[in-house]
Amino acid sequence: MKVLKNCIWLVLCMVMLTGCSVIAGGDDLLQTPKPSEKFTMLQDQLEKIISEGKTYVTPQKGSYRNTVTFEDIDGDGEDEAIAFFREGTGGKIYAYAFALEDGEYQQIGRIEGPGSALGSMSFLEVEGGKQKLLVVTWTLSGDVKQGLTVCGVQHQELQELLDTTCTDYSLSDMDQDHTQELLTLSYENQERKTAQVYDYEDEKITLLSQADATQDVQSVANMVEGQLDESGIRAVFVDNRFENDNGMQTDIYVLDGTTLRNVALSANTSTYRSTALSFCEDIDGDGSIEVPQLQVLPGYEDRGSTETLWMVDWYRYSMEKTTRLVHTTYDSPTEGWLLEFPDNWRGNVTATLVSSTGSNQTIFTEKGNMEDPILTVYVFTGSDRKEAASVEGLIDLGETSDICFAAKMGDNHTEYSMTEREVRRAFTVTTNEWK
């Protein structure tokens, strides 16, 4: 019976690791999914490790969440295998590496994790992407930091290249030399909060430079990499959260030669916002990342509403300490849409929310004149949403799997009126599954 249970467990593991699916039809429903060819070649090695009392463990987050991952790490055209195991049910964690030799996978090394759980796994691309380094994080108990280990396959063996701690990290080719840099953030206890950038050269990872982060933040809410501005300089944008007031501040890291700079700390416009509603993003799709600043819509006190409605100004930063306002939007994150304001709307147009069963309305009016709508955006969620959105006089703005969006222009033409074409261009659905 024990042997049978072990066989069943091994089959289930193979199904999970390979992502196989059963074809629904005839006798195929009774057949066991076949493991991949690579996994079959690796099976003997995995069984040896399991016989030592170890159990599979899976990364808790990140893009690679399999117990076993196949990837060409050393650039020889053949995939190596990375497998994660735990000693017993609560013991040490290990990462094993295997290379294909004469049609069989052979173990080429392992590393032992310093933490109580396996956090994440990712690959740092070096040498123009021809080689990849394994980046593994480990959860450390009782602290905001985590363990981080970087390994590479060198001389046909798994070699540990870096062992450090950090709060979070990013992989980005910041200097555009076709090798990614490792940017780590250290917000540990009461120590000074800093960012470090590591570079790979001559089979070694070395600390290249470090810079100050915002000092009063407690955690990282979001990280995104992209162009700083039209110059093409690459930057890493880090949205940091203040736990005591729910505010947020963005750090912007660039490599100036070999020196890491946080351009947000010296810019002429602060990246602080009092509420954590919006993250940095490429709001207009031109490749450069913008930083949001939230402003209360004008006339908020006159509406008598308990809900604050926000106008979002999107700023572009530069190495020269200057900033530029590039867009203003009204965002509705709970409903999954945004509207880009025309230039003359900023400071002159406000909004009011009206909710009813199966639909919500956001009514845009001129400040001080709430009787004459300029534009109304409809969000239909009821079972008859498609019929409601297709009523004559409404502008179709698209749909998701459970929401239909539409708009109606005001009857009175004013300097703030928009054409149907302008409404379609200004409106964006931000939820998934948009049609």
### Query
How many nm is it between the label spots at Thr308 and Arg110, if each spot is 7 Å from the Cα in line with the beta carbon?
5.3
### Message
Regarding the range 159-316, what's the average projected area of the Cα-atom convex hull, expressed in nm²?
### Response
11.2
### Summary
Averaged per residue, the 1.4 Å probe accessible area of the range 253-355, protein heavy atoms only, in Å², is roughly 43
### Task
For Rg and Dmax of the Cα atoms in Å, several values are listed as (1) 21.4, 64; (2) 23.6, 69; (3) 26.7, 81; flag the one computed from this structure.
(3)
### Distance from the range 205-265 to the range 268-282 (C-alpha centre basis), Å
12
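Taking only protein heavy atoms into account and a 1.4 Å probe, give the accessible area per residue of the range 87-191 in Å².
Numbers: 4510 Å² over 105 residues.
Result: 43 Å² per residue.
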### Task
Show that you can apply the helix-only estimate: for the chain, add -39,500 (n - 2.57) for every DSSP H stretch of four or more residues, divide by all residues, and state [θ] at 222 nm to the nearest 500.
-3000 deg cm²/dmol
## Note on the structure
If one builds a Gaussian network model of the chain from Cα atoms under 10 Å apart, the most fluctuating residue listed among Asp175, Asp251, Asp284 is Asp284
### Query
For the range 61-120 and the range 341-394, what is the separation of their Cα centres, given in Å?
53
### Task
Give, rounded to the nearest 20 debye, the magnitude of the charge dipole that the chain has about its Cα centre when Lys and Arg contribute +1 at Cβ and Asp and Glu contribute -1 at Cβ.
1240
### Message
With an 8 Å Cα cut-off and a minimum separation of 6 or more residues, compute the relative contact order for the range 296-435 in percent.
### Response
19
#### Entry: Rg/Rh for the range 239-348, where both radii come from Cα atoms and Rh is the Kirkwood radius
1.00
### Query
Quick one: if the Förster radius is 51 Å, what FRET efficiency do Thr419 and Lys204 give, using the C-beta to C-beta distance and rounding to 0.05?
0.30
#### Entry: Per DSSP, loop GluC sites (Glu not before Pro) in the range 162-245 with at most 14 further Cβ within 10 Å
Glu191, Glu203, Glu230, Glu243
### Query
What residues have an amide H closer than 5 Å to that of Thr323, excluding those fewer than 5 places away on the same chain, when H is modeled at 1.01 Å from N in the peptide plane?
Asn268
### Task
Please give the length that would be gained between Met370 and Thr322 if that part of the chain were fully extended, namely 0.36 nm times their separation in residues minus their C-alpha to C-alpha distance (nm, one decimal).
13.6 nm
### Query
So what are the ³J(HN,Hα) numbers for the range 360-374, from phi and the Karplus equation (6.51, -1.76, 1.60; θ = phi - 60°), rounded to whole Hz, Gly and Pro as x?
10, 10, 10, 9, 8, 9, 5, 4, x, 9, 8, 7, 10, x, 8
### Query
Farthest toward the dipole's positive end in the chain, which of Thr269, Val197, Gly90, given Cβ charges of +1 (Lys, Arg) and -1 (Asp, Glu) about the Cα centre?
Gly90
### Task
First select every other residue whose beta carbon is under 15 angstrom from the beta carbon of Asp384; then total the charges, Lys and Arg +1, Asp and Glu -1.
-1
### Query
How high is the relative contact order of the chain, in percent, counting Cα pairs under 8 Å that sit 6 or more residues apart?
6
### Task
Taking the chain as the reference, fit the longest principal axis to its C-alpha atoms, fit the long axis of helix 2-18 to the helix C-alpha atoms, and give the angle between the two in degrees, 0 to 90, nearest 10.
50
## Note on the structure
Cα extents of the range 78-133 along the principal axes, largest first, in whole Å, come to 36, 28, 12
### Message
For Cα pairs less than 8 Å apart in space and 6+ apart in sequence, what is the mean separation divided by the residue count of the range 118-159, i.e. the relative contact order in percent?
### Response
30
### Message
Helix 37-51 against the longest principal axis of the chain: what's the angle in degrees, Cα atoms only, rounded to the nearest 10?
### Response
70
### Query
Extent of the range 54-149 along each principal axis, from alpha carbon coordinates, in Å, largest to smallest?
43, 30, 19
#### Entry: Heavy-atom accessible surface of the range 31-130: percent carbon and sulfur, 1.4 Å
40
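If I stretch the segment between Thr381 and Glu71 completely, what's the gain in nm (0.36 nm per residue apart, minus their alpha carbon distance), one decimal?
Taking Thr381 through Glu71 to full extension adds about 107.2 nm, to one decimal.
Roughly how many percent of the accessible protein surface of the range 202-279 is carbon and sulfur, given a 1.4 Å probe and a whole-percent answer?
Details: 1470 of 3410 Å².
For the range 202-279, the apolar C and S fraction of the accessible surface comes to 43 percent.
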### Summary
Which of Glu37, Glu87, Glu335 fluctuates most in a GNM of the chain (C-alpha springs under 10 Å)? That residue is Glu37
### Task
Estimate the FRET efficiency between Asp256 and Leu353 by the formula 1/(1 + (r/R0)^6), using the beta-carbon distance for r and 41 Å for R0, to the nearest 0.05.
0.35
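The values are calculated or read from the model by the stated rules, or taken from the named source; none is laboratory data. This one's a predicted model, so the numbers in the text were calculated from it and none came from an experiment. As a convention, Cβ positions derive from the backbone with ideal geometry for all residues, glycine included, and neighbour counts pool all protein chains shown. Note: areas computed on protein heavy atoms with side chains; ligands, DNA, RNA excluded. Shrake-Rupley method; radii C 1.70, N 1.55, O 1.52, S 1.80 Å.
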